[in-house]
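Notes follow once the structure below has been shown.
The values are calculated or read from the model by the stated rules, or taken from the named source; none is laboratory data. Quantities reported herein were computed from a predicted structural model and do not represent experimental measurements. Neighbour counts run over all protein chains shown; Cβ positions are idealised from the backbone, glycine included.
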Amino acid sequence: MSSGFRSKKNQKVISISHKRCQLWERLALVILALCAVLGSAHAQDKHWRVDVGGGLQDFNYTTDAPGSYAQVVYKQPKKYFLLGRFDYLDKFADKTFTPTLGGGYYVLPRLILQDQIAFSPGAQVVPQFSNLFEISGILPKGFAPYLRYGYRHYSIADLNLITPGLAWYAGDWGVFEFNYTLSVNDLTTLGSTELDNSFMFRITLIPIMDRLKFRVLYARTEESFDAGSPVNPLGSFHANHVGGGFEWAFLKNLGVRFDFDYENRDNGQTVHTYDSGIFFLF
């Protein structure tokens, strides 16, 4: 075979290979462009959020209480959302498993109704049944008032809670929230009714929209009992709470969160609560 023939054949092979490379390069560019478009649309319109994590309550008067949780939320923005959650808690030698179902619906563009129901039959340290209903509105200038009604059935008491509150959305960079709670407690064991008053103030700062949030809070609470406590389950107390946390979506579809709360009671007891987890968005 002459060198000229080999040269022409090699040129033909090289030409075919070059065309194939160009074809693959174009196909790769099309795929990358499509992924970019889908990824951009996906980032702006995520419907699912899945949270998993765990926590710990550190008491100065008894053993610690570890716990874990998993939560799934599906939402259609400005239409409705659905929630499912499962909690496990090992506290005061009582291991509890609590499923929660809930959701919310925009009955009007600026009026939302929400409700959550939880069950934990036979539990001593958490409600055996609870329900939380909320009606909230969206007003001009970022104000969002709400009203909550909660019912909790414990093994030793029945609680009815009314919570009016107000949140102010300061543009895209922060949220300021205040609420007050009146709890009417029917202590079935003692055959008496007690009234508890509590309030909470929380600030959420958002330096990076949809990516990074910081929270700080202060609360003053009044409690008529400490369900399942090995020390004095029917003893009342007042407490100051100082807490905070953050939420960081370091990837478009993946993030972490951490929260803590320090509770200082007027009976000498203290509780440190830590909660952390990861979340997925898609």
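Okay, residues lined up against (1) modelled with pLDDT under 95; (2) of a type in the set (S, T, Y):
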position	(1), (2)
N60	no, no
P66	no, no
Y74	no, yes
K78	yes, no
F81	no, no
D87	no, no
A93	yes, no
G104	no, no
V107	no, no
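Applying the condition of being over 21 Å from the mean Cα position of the chain (by Cα) and of a type in the set (A, V, I, L, M, F, W, C) to region 139-156 and asking which residue is nearest to I112 (Cα to Cα) yields L139.
Restricting F250, F282, F258 to those that are surrounded by 14 or more Cβ atoms within 10 Å (Cβ to Cβ) and of a type outside the set (G, A, S) reduces the list to F258. Scanning region 224-261 for residues that are among the aliphatic types (A, V, I, L, M) and within 27 Å of F129 (Cβ to Cβ) yields A227, V231, L234, A239.
Results for (1) in contact with a strand residue (DSSP E or B) (Cβ under 9 Å, 6 or more places away or on another chain); (2) of a type in the set (S, T, Y), shown as yes or no for each residue.
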residue: A227; (1), (2): yes, no
residue: N232; (1), (2): no, no
residue: N240; (1), (2): yes, no
residue: Y262; (1), (2): yes, yes
residue: Q269; (1), (2): yes, no
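Looking at L132, is it part of a strand (DSSP E or B), aliphatic (A, V, I, L, M), in contact with a strand residue (DSSP E or B) (Cβ under 7 Å, 6 or more places away or on another chain) and surrounded by 15 or more Cβ atoms within 10 Å (Cβ to Cβ)? In short, yes. For the condition loosely packed, with under 15 Cβ neighbours inside 10 Å and in the same structural domain as F260 (by TED's automatic domain parsing), L139 qualifies. Residues that are touching a Lys or Arg at 6+ places or on another chain (Cβ under 9 Å) and either at pLDDT below 95 or over 19 Å from L111 (Cα atoms) (or both) within region 139-161 comprise D158, L159, N160, L161, listed in sequence order.
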